[in-house]
Amino acid sequence: FQLRNFKFVFRIPPMGSHTVTYFLRPVKRGEYQFGALNVFISGSIGLVMRRYVFDRGKTVPVYPSFIQMQKYDLIAISSRIKETGIKQIRKIGHSMEFEKIREYVDGDDYRAINWKATARRGTIMLNQFQDEKSQQVYCLIDKGRTMQMPFEGLSLLDYSINASLAISNVALKKDDRAGLLTFSNKFGTLVKAEKRKSQLKLILEVLYNQKTRYEESDFEMLYSQIHTRLPQRALLLLFTNFGSLSALKRWLFYLKKIARKHLLVVIFFENTELTEILTGHPNTIETIFTKTIAEQFVYEKKQMVKELHSAGIHSILTTPGNLTVNTINTYLEIKSKRLI
């Protein structure tokens with residue numbers, strides 16, 4: 001972000017002033033420290049030069065991209081929803097949250113007929129319900145070493161942060177309460193689920209400077225913190241990445257305990273770089289060995305999905321590029337089925 005190998009040279013007349021302006025483009029989120037300003041002054045002849053150091057240090061925050069979040073925000077209120085892969089944004093259900101009475105049309109469920117309104121109007125009237133509101137939706141972001149894996153210039157942690165912002169924004173638009181929890185081998189940050197106007201800004205302030213800890217995550221500690229800090233049932237979207245099937249089985253016991261009280265969705269990643277290896281035609285011992293190992297990794301990812309499903313835990317196996325779309329689709333599906 002900082003430019004350290006450049007300089008401006010200019011002449012200032014006696015009692016005069018000069019303003020220098022330059023632009024920087026951040027390429028990663030986080031905090032950037034700008035240190036002292038060094039000014040070298042020489043006389044008109046150039047025989048003598050003196051350095052002045054002005055301590056103008058400043059911390060500049062660089063936030064995650066707003067573009068992706070705003071894209072889904074706009075599509076949520078438009079008819080172009082299928083262009084980005086979103087399957088649905090609203091589904092009328094039969095929850096206990098009443099919305100309005102309307103006329104019956106072919107295909108409606110006759111069990112929702114309002115007979116009193118039908119008698120008054122002389123035409124068949126129907127009770128219409130909507131998805132329940134004010135439900136808690138938490139994004140749990142793993143900051144362990146496996147989330148440092150890069151993909152197209154971003155780490156898996158970066159993709160998880162961008163997806164968490166997008167899903168939190170959608171949840172707030174759906175009148176749910178959005179929250180956040182980060183962890184690794186230690187407990188990170190907790191933002192209690194709320195639906196106030198400043199909630200998304202609060203989540204953004206917490207997320208922009210998150211970093212991986214290069215250590216294995218502790219899901220036993222995660223269960224303990226969730227059990228203590230989240231007493232009410234909530235939808236928990238866990239962004240993580242298991243390096244192997246044995247790693248998943250090591251922590252599956254605690255994931256089951258979390259899923260007993262909350263609706264847990266485990267979201268982990270496909271290794272897209274393995275696709276090129278699998279589609280290639282090996283012609284040497286080394287390439288045959290590499291392809292065999294790649295097939296083993298792909299097989300283990302599919303086995304992880306089966307293990308989670310057999311344990312009654314929802315899961316999403318996705319590429320980093322489709323993470324946001326798949327997460328939003330799952331959230332909308334869970335809302336429509338009233339699983340929370």
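In the stretch 235-251, the residues that are within 22 Å of Asn162 (Cα to Cα) form Cβ pairs under 6 Å with partners that are of a type in the set (Ser, Thr, Tyr) and surrounded by 23 or more Cβ atoms within 10 Å (Cβ to Cβ), at six or more places apart or across chains, as follows: Leu236/Tyr138; Phe239/Ser160.
In this structure, does Ile101 turn out to be among the β-branched types (Val, Ile, Thr) and modelled with pLDDT under 90? In short, yes.
Is one or more of the residues making up the stretch 126-149 more than 30 Å from Ala259 (Cα to Cα) and not aliphatic (A, V, I, L, M)?
Looking only at the stretch 126-149, we keep the residues that are more than 30 Å from Ala259 (Cα to Cα), and these are 126-128.
From the residues that got through so far, the ones that are not aliphatic (A, V, I, L, M) too are 127-128.
Looking through the stretch 126-149, at least one residue is more than 30 Å from Ala259 (Cα to Cα) and not aliphatic (A, V, I, L, M).
When Phe239 is tested against (1) touching a Cys at 6+ places or on another chain (Cβ under 8 Å); (2) open to solvent by 30 Å² or more (accessible area, probe 1.4 Å), only condition (2) is not met. Within the option set Ile258, Ile267, being in a helix (DSSP H, G or I) and at pLDDT 95 or above holds for one residue only, Ile258.
Quick grid of which residues meet (1) in contact with a helix residue (DSSP H, G or I) (Cβ under 8 Å, 6 or more places away or on another chain); (2) over 27 Å from Glu215 (Cβ atoms); (3) surrounded by fewer than 17 Cβ atoms within 10 Å (Cβ to Cβ):
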position: Ser246; (1), (2), (3): no, no, yes
position: Leu252; (1), (2), (3): yes, no, no
position: Asn271; (1), (2), (3): yes, no, yes
position: Glu276; (1), (2), (3): no, yes, yes
position: Gln296; (1), (2), (3): no, no, yes
position: Leu308; (1), (2), (3): yes, no, no
position: Val325; (1), (2), (3): yes, yes, no
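Among the residues of the stretch 4-31, those that are touching a strand residue (DSSP E or B) at 6+ places or on another chain (Cβ under 7 Å) and modelled with pLDDT of 85 or more comprise Arg29, Gly30, Glu31. Residues in the stretch 1-42 that are assigned to a loop (DSSP other than H, G, I, E, B) and in contact with a Lys or Arg (Cβ under 9 Å, 6 or more places away or on another chain): Phe1, His18, Gly35, Ala36.
For first residues located in the stretch 10-29 and over 20 Å from Phe66 (Cα atoms), partners that are loosely packed, with under 10 Cβ neighbours inside 10 Å and aliphatic (A, V, I, L, M) and lie 6+ apart or on another chain with Cβ distances below 9 Å form the pairs Phe10/Val20; His18/Ile12; Tyr22/Leu3.
The values are calculated or read from the model by the stated rules, or taken from the named source; none is laboratory data. All figures in this text were calculated on a predicted structure; none of them were measured in a lab. All Cβ positions, even for glycine, are placed from backbone atoms using ideal geometry, and neighbour counts span all protein chains on display. These accessible areas exclude ligands, DNA and RNA; they are computed on the full protein's heavy atoms, side chains included. Shrake-Rupley method; radii C 1.70, N 1.55, O 1.52, S 1.80 Å.
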